[in-house]
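Below is one structure; the comments refer to it alone.
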Amino acid sequence: MKVAELSGGLLDYWVAQAGEVWVWAHELFPTMTLDPTFRGCELVTEGGRTVCRLVPSNPFRQDYQIFEPSMQWQHGGPIIERERGTFSVDPDSMAPRYFADMGLGTNRYRMGGPTHLIAAMRAFVASKFGAEVPDEVRQP
């Protein structure tokens, strides 16, 4: 599947797969420091939409947490900062279209999206996996 077409929970899932999601989880969700091990992340339907949920190894010691770097600045902002992301806007577009550059050296990718965060997270995933990711997702 093309990274340029990822959105919502599926984009967030691939961001989790591409990065150090467990390091970020401890920063974002302090309760996750109770047990620093994780089983992974999964896609679940919650409130009628698909979201990426971080899955702790021991659910009795910590809560599941929703990870939304393509929707929440407190989740996506630190990734942009660490990866030295930059933004631009397409002035010829009728609707705002944002572009982000992420990654270092030969792994630097430029991706677009309807928001800064979506463009940045697509560029982050592409910088780690290339222009396409597998169609299937791994569930813990």
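Please treat every number below as a calculation from the coordinates, not as lab data. Here the structure is a predicted model, which means the values were calculated and not measured. A quick note on method: Cβ atoms are made from the backbone with ideal geometry, for glycine too, and the neighbour counts reach across all protein chains shown.
Candidates [x] 23, 18, 16; [y] 32, 15, 13; [z] 27, 15, 14; which is the computed semi-axes √(5λ) of the Cα gyration tensor in Å?
The value matching this structure is [z].
How compact is the range 67-140 by the rule of thumb for globular proteins, expressed as Cα Rg over 2.2 N^0.38 Å?
Cα Rg divided by the expected 2.2 N^0.38 Å: 1.12.
On a 0 to 90 degree scale, rounded to 10, what angle separates helix 73-82 from the longest Cα axis of the chain?
Long axis of 73-82 versus the principal axis of the chain: about 70 degrees.
How far is helix 116-129 tilted, in degrees, relative to the longest principal axis of the Cα atoms in the chain, given as a value from 0 to 90 rounded to the nearest 10?
The angle comes out near 80 degrees.
Treat each spin label as a single point 7 Å out from the Cα along the C-beta direction, and report the Arg110 to Glu81 distance in nm.
Label-label distance for Arg110 and Glu81, simple model: 2.7 nm.
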